[in-house]
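Structure first, commentary second.
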Amino acid sequence: MTIERYCFYCGTPLKTVNGSREHFRLVCPNCHAKFYKNPIPAVAALVLKEGKLLLVRRAAPPLEGSWCLPGGFVEAGEDVREALRRELFEETGLHAKEARLVDVISFVNENPEGRGVVIIGYRVGAFEGNPRPGDDAEALRFFPLTELPPIPFSSHVALIEKVKEGRA
Ligand SMILES: [Zn+2]
């Protein structure tokens, strides 16, 4: 994740004012502008069909080749639910007709200068279209919930557990 080194307004090198993970931020010693390192919102789609869950195999780093839920980052100026529909379509070719919030999970970056991510999981109750891998996905498949492959993202695993337990 890119970390700004220079002031957006005047170009002066920025200084760290608080190195703690909780309140890491940069300030400009010249014009005193503050730059916050807020976590970045991302969405994940839980698409179920006849008891099977749709997973995509990642075509790009990090963790290229591993299976995970379809999803991605919310774009600037984009509604969160719109981001869910867009990412699902880009990666799987499916149009979400209905999406219900499952849970919101924080991924805290261990690097104090790094941004964390807030993963917003939606269960897609109805969808249209023919599944085909696209964008950052090299393959996709519906897996029985009892026979899922290893998924390296703890936030995705937590969302799947909620659905398996029938709490979402
Ligand atoms: Zn400045």
Within the stretch 32-47, track down each residue that is at pLDDT below 95 and either more than 16 Å from the ligand (Cβ to nearest atom) or not charged (D, E, K, R) (or both).
32, 33, 35, 36, 37, 38, 39, 40
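Can you tell me how many residues in the stretch 110-143 are assigned to a strand (DSSP E or B) and farther than 30 Å from residue 17 by Cβ? Can you show your working first?
If we filter the stretch 110-143 for residues that are assigned to a strand (DSSP E or B), which is where we start, we get 117-128, 137-143.
With the extra rule that they be farther than 30 Å from residue 17 by Cβ, the set shrinks to 121-128, 137-143.
Of the residues in the stretch 110-143, 15 are assigned to a strand (DSSP E or B) and farther than 30 Å from residue 17 by Cβ.
To keep it simple, each residue is scored yes or no on (1) aromatic (Phe, Trp, Tyr); (2) over 17 Å from the mean Cα position of the chain (by Cα).
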site	(1), (2)
73	yes, no
95	no, yes
104	no, no
108	no, no
135	no, no
142	yes, yes
145	no, yes
152	no, no
155	no, no
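Of all residues in the stretch 84-123 being of a type in the set (Gly, Ala, Ser) and buried (at least 20 other Cβ atoms within 10 Å of the Cβ), which is farthest from residue 159 (Cα to Cα)? Break it down into steps so the answer makes sense when it comes.
The initial filter retains those residues of the stretch 84-123 that are of a type in the set (Gly, Ala, Ser), namely 93, 96, 99, 106, 114, 116, 121.
Now restrict to residues that are buried (at least 20 other Cβ atoms within 10 Å of the Cβ): 96, 99, 121.
Details: 96: 18, 99: 14, 121: 7 Å.
Out of the qualifying residues, it is 96.
Here is a yes/no grid of residues against (1) at pLDDT below 90; (2) in a helix (DSSP H, G or I):
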position: 78; (1), (2): no, no
position: 86; (1), (2): no, yes
position: 98; (1), (2): no, no
position: 168; (1), (2): yes, no
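Can you tell me which residues in the stretch 132-149 are more than 14 Å from residue 87 (Cβ to Cβ) and in contact with a Gly (Cβ under 7 Å, 6 or more places away or on another chain)? Break it down stepwise before answering.
Applying the first criterion (more than 14 Å from residue 87 (Cβ to Cβ)) to the stretch 132-149 yields 132, 138-139, 141-149.
Across the stretch 132-149, the qualifying residues are 132, 144, 145.
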Pick from the stretch 1-22 the residues that are loosely packed, with under 15 Cβ neighbours inside 10 Å and within 22 Å of the chain's Cα centre (by Cα): which of them is modelled with the lowest pLDDT?
1
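Considering only the stretch 128-149, state which residues are touching a helix residue (DSSP H, G or I) at 6+ places or on another chain (Cβ under 8 Å) and of a type in the set (A, V, I, L, M, F, W, C).
We begin by selecting, within the stretch 128-149, every residue touching a helix residue (DSSP H, G or I) at 6+ places or on another chain (Cβ under 8 Å); these are 129, 131-137, 140, 145, 148.
Those that are touching a helix residue (DSSP H, G or I) at 6+ places or on another chain (Cβ under 8 Å) and of a type in the set (A, V, I, L, M, F, W, C): 137, 140, 145, 148.
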Within the stretch 146-160, work out how many residues are in contact with a strand residue (DSSP E or B) (Cβ under 8 Å, 6 or more places away or on another chain) and closer than 19 Å to residue 108 by Cα.
8
Hey, residue 33 more than 15 Å from the chain's Cα centre (by Cα) and in the same structural domain as residue 133 (by TED's automatic domain parsing) or not
no
As an exercise: evaluate residue 74 against (1) within 17 Å of residue 154 (Cβ to Cβ); (2) surrounded by 14 or more Cβ atoms within 10 Å (Cβ to Cβ) and give the number of the one condition it does not meet.
(1)
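The values are calculated or read from the model by the stated rules, or taken from the named source; none is laboratory data. This is a predicted model, so every value here is computed, not measured. Heads up, the Cβs are rebuilt from the backbone with ideal geometry, glycines too, and the neighbour counts pull from every protein chain shown.
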